[in-house]
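Please read the structure below before turning to the comments.
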Amino acid sequence: MQAVVIERPGTFQIKALPDPRPGQGEVTLDVKACCVCGTDIHLLDGEFKGSAYPLIPGHEFSGVVAETGPGVTHVKPGDRAAVEPFMACGYCYYCKTGKTNQCLNGMVIGHTASKEGFRLDGGFSEKIVVPAKNLIPLADHVSFEAGSFIANLGTIVHAIRRAELRPGMSVLVFGTGANGLIMAELSKKTGATTVVVTGRTRSRLEVAKTMGIDEAIVADDNQEKTLDRIAPLGFDVVFEATGSAKIVEKTFRFVKRGGKIVLYGLVPAEHQSMINPFDICRKDLYVIGSFSSVNTCMIAGELLASRVIQVDHLISHRFSLNDWGKAIDTARDPSKCMRSIVRMG
């Protein structure tokens, strides 16, 4: 099989590797599509802490079951599936109390080199072995490209659940990447009366206007005045979906008293935000973290199958596996790329 291998930060190859065979409780998946995520760029640039090289990147992918290992009875060769990339151990305190995203031994497919007990090769390969328990069924009418969004859509569902979003609330989303736009759209379909998304990239704001989002506001000198006009008292829920420490600070400017700030974008560990604890206390604010997903990837699959959420219009560029480098370079420029995807075969 062919696979992308990041040998070390800054260096990758498309290599011929032996076809993997599944072990106990595992399946081999013929990968059909894999999304380029910002994490893949950080892995190539050596900016993702804790990663061991060489590694095969890619954690947002879908395909067809090619072979099942011993003990696998709930799926069979030919089944279409996406993959939940977070691998929880199942036996630590957090796993046993239903907080699998906080697993003390958790690993993510495509984020680091495989190690004993964990096969972690990612989806930028023609074949991959994954735990059968991590498969998410993919409806026949959902494209493999759309199926590769399931991992991220699961994290969005988790964030909206963390916010306890209810009908009648107002929502502001900072960030106009695919995840930010889907979060805004799903918030509207959950019953929010006013949903606003804001960001710097005008082309992405134009896409937002086609998704049933009430307002798409450019982050320029008029941003604060415009948001104040839309919600003079602030928004019930503010989602931070950029991963910027500076934007985290800005969320406090626009949240309503008694409102909720949900930190969804992953800010680099070494970056700091200046927050006034008095504001949190005096205004009865909730500041909520939302990391990965907890049993929500299945729901993400159902949202795609029912067409409540559709994502094909968010794919702006398609590449072959041999053009992975071009896919990465394209994804680096948000003014030209919404979502870059690699198709196998």
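Taking the range 168-183 as the range and being assigned to a loop (DSSP other than H, G, I, E, B) and either more than 18 Å from the chain's Cα centre (by Cα) or on the phi > 0 side of the Ramachandran plot (or both) as the test, the residues that pass are Gly168, Met169, Gly175. The condition (being under 17 Å from Glu164 (Cβ atoms), among the aliphatic types (A, V, I, L, M) and in contact with a strand residue (DSSP E or B) (Cβ under 7 Å, 6 or more places away or on another chain)) is satisfied by just one residue among Ala241, Ala216, Ala192: Ala192. Of the residues examined, Ala327 is not one that is under 17 Å from Gly147 (Cα atoms) and assigned to a helix (DSSP H, G or I).
Do we have Val238 as modelled with pLDDT of 95 or more, within 30 Å of Ser340 (Cα to Cα), open to solvent by less than 40 Å² (accessible area, probe 1.4 Å) and among the β-branched types (Val, Ile, Thr) here? Against the criterion (modelled with pLDDT of 95 or more, within 30 Å of Ser340 (Cα to Cα), open to solvent by less than 40 Å² (accessible area, probe 1.4 Å) and among the β-branched types (Val, Ile, Thr)), Val238 qualifies.
Across the range 302-345, the qualifying residues are those that are acidic (Asp, Glu) and within 26 Å of Leu135 (Cα to Cα), and the one among them that is least open to solvent (accessible area, probe 1.4 Å) is Asp312. Considering (1) of a type in the set (A, V, I, L, M); (2) farther than 15 Å from Ile309 by Cβ; (3) outside any helix (DSSP H, G or I), the lone condition that Val195 does not fulfil carries the number (2). Here's a check for you: in the range 242-268, which residue that is aliphatic (A, V, I, L, M) and open to solvent by 50 Å² or more (accessible area, probe 1.4 Å) is nearest to the chain's Cα centre (by Cα)? The selected residue is Leu266.
Of all the criteria given as (1) open to solvent by 40 Å² or more (accessible area, probe 1.4 Å); (2) over 24 Å from Ser170 (Cβ atoms), the one not satisfied by Asp284 is (2). Flag: Ile299 matches the condition of being within 30 Å of Ala132 (Cβ to Cβ) and surrounded by fewer than 19 Cβ atoms within 10 Å (Cβ to Cβ).
In the set (1) of a type in the set (A, V, I, L, M); (2) surrounded by fewer than 19 Cβ atoms within 10 Å (Cβ to Cβ); (3) touching a His at 6+ places or on another chain (Cβ under 7 Å), Leu233 fails one condition alone, (3).
Has the range 8-25 got any residue that is among the small types (Gly, Ala, Ser) and buried (at least 17 other Cβ atoms within 10 Å of the Cβ)? Checked the range 8-25: no residue is among the small types (Gly, Ala, Ser) and buried (at least 17 other Cβ atoms within 10 Å of the Cβ). The set of residues in the range 268-312 that are touching a Gly at 6+ places or on another chain (Cβ under 8 Å), under 30 Å from Leu233 (Cβ atoms) and hydrophobic (A, V, I, L, M, F, W, C) contains only Leu285. One residue is enough: does the range 38-57 have a residue meeting the conditions at pLDDT 95 or above, among the small types (Gly, Ala, Ser), surrounded by 16 or more Cβ atoms within 10 Å (Cβ to Cβ) and under 22 Å from the mean Cα position of the chain (by Cα)? No - not one qualifying residue is present in the range 38-57.
Only one entry of Gly147, Gly110, Gly168 meets the criterion of being out of contact with any Pro (no Cβ under 6 Å at 6 or more places or on another chain) and closer than 29 Å to Glu67 by Cβ, and that entry is Gly147.
Only one of the numbered conditions (1) open to solvent by less than 20 Å² (accessible area, probe 1.4 Å); (2) part of a loop (DSSP other than H, G, I, E, B) is violated by Val31, and that is (2). Which residue pairs have Cβ atoms closer than 9 Å, lie 6 or more positions apart in sequence or on different chains, and pair a first residue in the range 176-191 that is within 11 Å of Ile213 (Cα to Cα) with a second residue that is of a type in the set (Asp, Glu)? Matching pairs, first to second residue: Ala184/Asp214; Lys188/Asp214.
The values are calculated or read from the model by the stated rules, or taken from the named source; none is laboratory data. What you see is a predicted model; the values in this text were computed from it and never measured. Please note: Cβ atoms are built from the backbone with ideal geometry, for glycine as well, and neighbour counts cover all protein chains shown. When the accessible area is computed, the model is the full protein with side chains, heavy atoms only, and any ligands, DNA or RNA have been set aside. Shrake-Rupley method; radii C 1.70, N 1.55, O 1.52, S 1.80 Å.
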